[in-house]
Amino acid sequence: MTIRKKALAAIEKEGILLVYPIQNSKEPDSLWHQLFPRSKMRWEWDANGDRKVSDLWILKEELSRSGKVVYTKWYQNRATFFSREVFVNMMAYLRSEKPLSSESKTILEALEMDSPLSTKQIKEVSEMQGRYMESTYNRAMKTLWQRLLIVAWGEVEDSSFPSLAVGASKNLFEDLWDESVTISQEAAEKYLRGRLAANNKFWKFAEKIQKTL
């Protein structure tokens with residue numbers, strides 16, 4: 001089995017996975033620990049660094065464009081993969097009538113008009129460029145990530161370092177978005193409680209977000 005197939009199988013089995021572990025902890029679970037269970041991750045990019053780190057970075061980008069799984073910056077604003085089924089139910093669970101901030105709304109409307117866009121493009125269309133607007137932009141994006149209103153779709157070379165290409169969930173996963181609308185929050189919660197263990201950190205994070213909606 002190729003590493004790509006192993007990664008897809010792991011995401012499907014677990015439902016939600018970080019890409020890289022947090023301080024090499026096994027919880028919450030990560031794609032790194034699923035693929036390389038005996039390897040400690042060292043964030044090194046020089047010639048002596050572990051190629052598995054860069055290989056997973058490349059794989060992450062490929063999987064994010066596959067449509068077979070969903071890639072976001074969700075758990076603690078970290079790179080997170082969802083299986084399609086878990087994503088559908090998590091969107092339903094986190095659905096809210098609470099208004100977005102004007103900044104989040106501006107970004108989401110821009111992405112619903114044209115997806116995906118690079119970080120540079122999003123800042124341009126939302127007029128949030130420059131250091132002075134950086135914290136405003138980050139807060140606006142964090143809300144959209146946490147409520148799963150946006151997803152990542154590959155990377156774009158628009159600076160010295162590739163940036164995420166980001167799009168509205170409604171656009172890039174239209175079928176999942178439409179399905180989520182038909183699922184009640186109660187049904188979504190029942191599914192997620194059955195799918196994820198009660199002490200699962202991803203589920204606890206979802207509950208924390210839901211309480212703010």
- Task: Select from the range 172-213 the residues that are more than 20 Å from SER66 (Cβ to Cβ), surrounded by 15 or more Cβ atoms within 10 Å (Cβ to Cβ) and aliphatic (A, V, I, L, M) and list them in ascending order.
- Result: ILE183, ALA188, LEU192, LEU196, ALA206, ILE209
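If you check LEU148 against the conditions, is it at pLDDT 95 or above and either under 15 Å from LEU164 (Cα atoms) or in contact with a Phe, Trp or Tyr (Cβ under 6 Å, 6 or more places away or on another chain) (or both)? Give the steps one after another, and end with the answer.
Values: at pLDDT 95 or above: yes; either under 15 Å from LEU164 (Cα atoms) or in contact with a Phe, Trp or Tyr (Cβ under 6 Å, 6 or more places away or on another chain) (or both): no.
Judged against the criteria, LEU148 is not a match.
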- Please list, ordered by first then second residue, the pairs with beta carbon atoms under 7 Å, 6 or more apart or interchain, first in the range 83-97 and closer than 13 Å to GLY15 by Cα, second among the aromatic types (Phe, Trp, Tyr). ASN89/TYR191; MET90/PHE82
- Message: Given the criteria assigned to a helix (DSSP H, G or I) and not basic (Lys, Arg), does LEU56 qualify?
- Response: yes
- Within the range 120-143, the residues that are closer than 26 Å to LEU213 by Cβ and polar (S, T, N, Q) are SER126, SER135, THR136, ASN138, THR143
- Query: Restricting attention to the range 9-18, which residues are within 15 Å of the chain's Cα centre (by Cα) and within 15 Å of LYS60 (Cβ to Cβ)?
  - Reply: ILE11, ILE16, LEU17, LEU18
- Query: Which residues, taken from the range 17-38, are touching an Asp or Glu at 6+ places or on another chain (Cβ under 8 Å) and closer than 19 Å to MET90 by Cα?
  - Reply: LEU17, LEU18, ASP29
- Query: Out of all the residues in the range 29-48, which are closer than 15 Å to ASN200 by Cβ and modelled with pLDDT under 95?
  - Reply: none
- helices (runs of 4 or more DSSP H) lying entirely in the range 119-209 (those with 3 or more residues that are farther than 18 Å from LEU18 by Cβ, under 20 Å from the mean Cα position of the chain (by Cα) and acidic (Asp, Glu)): 174-181
- Message: Cβ contacts < 7 Å: first residue at negative phi, restricted to the range 111-134; second residue crowded, with 18+ Cβ neighbours inside 10 Å and of a type in the set (Phe, Trp, Tyr), any location; separation 6+ or different chain. Result?
- Response: PRO116/TRP153; LYS123/TYR137; MET128/TYR137
- Note on the structure: Matching residues in the range 160-171 (of a type outside the set (Gly, Ala, Ser), without any contact (Cβ under 8 Å) to a residue 60 or more places away in the chain and either closer than 16 Å to SER66 by Cβ or surrounded by fewer than 11 Cβ atoms within 10 Å (Cβ to Cβ) (or both)) number 1
- Item | Contacts under 8 angstrom Cβ, first residue in the range 141-159 being of a type in the set (Asp, Glu), partner crowded, with 22+ Cβ neighbours inside 10 Å, 6 or more apart | GLU155/LEU164; GLU155/ALA165
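Quick check on GLU61: is it in a helix (DSSP H, G or I), surrounded by fewer than 17 Cβ atoms within 10 Å (Cβ to Cβ) and of a type in the set (Asp, Glu)?
Values: in a helix (DSSP H, G or I): yes; surrounded by fewer than 17 Cβ atoms within 10 Å (Cβ to Cβ): no; of a type in the set (Asp, Glu): yes.
No, not satisfied.
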- Failed item, numbered, when PRO99 is tested on (1) in a loop (DSSP other than H, G, I, E, B); (2) touching a strand residue (DSSP E or B) at 6+ places or on another chain (Cβ under 7 Å): (2)
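The values are calculated or read from the model by the stated rules, or taken from the named source; none is laboratory data. This one's a predicted model, so the numbers in the text were calculated from it and none came from an experiment. For neighbour counting, all protein chains shown are included, and Cβ atoms are generated from backbone atoms with ideal geometry for every residue, glycine included.
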